[in-house]
Amino acid sequence: MASDGARKQFWKRSNSKVPGSIQHVYGAQHPPFDPLLHGTLHKATPQAPATPLKAKRLSTFQEFESSTSDAWDAGEDGDELLAVAAESLDTEVAMETARRVLRNHSQRQERRQLQEVSAPGQKPQPLAEPAPVPSGDLRLVKSVSESHAPCPAESASDPVPLQRSRSLPHPATGALDGTSDPSTLSSSALSEREASRLHKFRQLIAGPNTDLEELRKLSWSGIPKAVRPITWKLLSGYLPANVDRRPATLQRKQKEYFTFIERYYDSRNDEVHQDCPLQIHIDIPRMSPEALLLQPSVTEIFERILFIWAIRHPASGYVQGINDLVTPFFVVFICEHIEEDDADAADVSRVPADALRSVEADTYWCVSRLLDGIQDNYTFAQPGIQMKVRMLEELVSRIDEHVHRHLEQHEVRYLQFAFRWMNNLLTRELPPRCAVRLWDTYQAEPEGFSRFHLYVCAAFLVRWRKEILEERDFQELLLFLQNLPTAHWGDEDVSLLLAEAYRLKFAFADAPSHYKK
């Protein structure tokens, strides 16, 4: 028991605070130290009032502190920090300083803004000095625009000119009330986005060796009109990726094409070939856009291109539908040499003869590249088209059974409406501008014309689901499918169609057994 008493006495003696003992940490659990309420660092014990014993402890600690020299050096920095913290701040001086900083910042910002919108060589006018806030008003200034607005007392005596709000992004064109036209903002944002994409295309194409894979990724969502001709030539494999080899390649291929013209075109009058040019001559007036293709010079170009291709590919020869595949290439390439925004009604007679010869040769070689990948669509009995129509039927039966059963119930066969979709690659179903946008993605997509086109046709059919299910007659249903209302379609409609087609490809392309039930 004696040892226990000695131990208790020891702890009582050790109750005083010494350097290194556990102290309260001011934070979430303990209230912060308030220098305005407490003049000294040491906290009084709440259980007992101040006594000579506490003063003795303070003096003992101070004596111990003064006799101890360590790295903290508390006697120099700590006392000064406490003295600064204990001093009450002059609120009026602080507020006046804050107002001065905000006023100077506002003036610099508006001076910079006027310099940006002012004409070159025109010196901006000096800004009016904002009215000072009375020193007695201790309200905080929340924004620069609020600091410029005078209080009612000031407005009565000393009016201040209204300052333009700093929130306007374009002060020179913005509305006075701070509102902007949403259509203007959206069009400006769209133009900026288009300019950025065009810059990326030009930078990629102008490189010493164009990265075709990167060009395909960039072209999938559409190609700007200014770079569409050269982009199509690169993605078709007509032009090489090396920029130094392109001029020589163009010259060589154009010379080769017109050599074919000199060698074979006169044979169109031979008895063995006379059926081919006759069928071509009949099919061209049926094409669209009529205003462009019915011009005599354009008709002659199409007749030469189609006949030369038929002569050089005797396995298939000329088949109806091939003529529609020439139009998108010709329209895109002729846009380099005309001023009209709409190439459908352009006057080709004003295009120089050399430029027209280049367009003709480029169109021929790009069409040849395209047909090389889908030539089984145009051989005897057209087995490629028949196989794709069967695949379309199986695919639609999987993705929309209601549409599939509705067509079956009314005895509508897929071959009756989808044959033309496969034969013309949807050039008859879409306006020319939409067909060009569709072919942007076909050029960018691996095997776009041969494989991806299947999923586009499936998405295209399901797109008209509501209208198809509303038709209850065979004749009306077939007429609707053969004359779909796409005359007012735009790029946004084509983009939605392509997005749905990509989703279907992602789900079914690498799993062919999914076609079958």
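The values are calculated or read from the model by the stated rules, or taken from the named source; none is laboratory data. Computed from a predicted model, the values in this text were never measured in an experiment. Every residue, glycine as well, gets a Cβ built from its backbone with ideal geometry; the counts of neighbours run over all protein chains shown. When the accessible area is computed, the model is the full protein with side chains, heavy atoms only, and any ligands, DNA or RNA have been set aside. Shrake-Rupley method; radii C 1.70, N 1.55, O 1.52, S 1.80 Å.
Structural remarks
- Which listed residue, of S297, S316, is polar (S, T, N, Q), over 19 Å from L239 (Cβ atoms), open to solvent by 30 Å² or more (accessible area, probe 1.4 Å) and over 35 Å from the mean Cα position of the chain (by Cα): S297
- The residues in the stretch 459-502 that are in contact (Cβ under 8 Å) with a residue 12 or more places away in the chain and within 29 Å of the chain's Cα centre (by Cα) can be counted, and the count is 19.
- Exactly one residue out of F417, F329 is closer than 19 Å to P296 by Cα and touching a residue at least 60 places away in the same chain (Cβ under 8 Å): that is F329.
- Residues that are open to solvent by 30 Å² or more (accessible area, probe 1.4 Å) and assigned to a helix (DSSP H, G or I) within the stretch 222-245 comprise K225, A226, R228, I230, V243, D244, R245, listed in sequence order.
- Positions within the stretch 391-410 being part of a helix (DSSP H, G or I) and touching a residue at least 60 places away in the same chain (Cβ under 8 Å), in sequence order: M391, L392, E394, L395, V396, S397, R398, I399, H402, V403, H406, L407
- Across the stretch 243-280, the qualifying residues are those that are among the aliphatic types (A, V, I, L, M) and without any contact (Cβ under 8 Å) to a residue 12 or more places away in the chain, and the one among them that is nearest to R312 (Cα to Cα) is V272.
- Test: residue in the stretch 406-417 that is open to solvent by 60 Å² or more (accessible area, probe 1.4 Å) and aliphatic (A, V, I, L, M): yes
- With respect to (1) over 21 Å from C434 (Cα atoms); (2) modelled with pLDDT under 85; (3) open to solvent by 70 Å² or more (accessible area, probe 1.4 Å), the lone exception for L190 is condition (1).
- Flag for D362 being surrounded by fewer than 18 Cβ atoms within 10 Å (Cβ to Cβ) and in a helix (DSSP H, G or I): no
- Selection count, the stretch 365-381, where residues are of a type outside the set (A, V, I, L, M, F, W, C), in contact (Cβ under 8 Å) with a residue 60 or more places away in the chain and buried (at least 18 other Cβ atoms within 10 Å of the Cβ): 1
- Residue in the stretch 483-492 that is β-branched (V, I, T), open to solvent by less than 10 Å² (accessible area, probe 1.4 Å), more than 21 Å from N377 (Cα to Cα) and in contact with a Pro (Cβ under 7 Å, 6 or more places away or on another chain) present: yes
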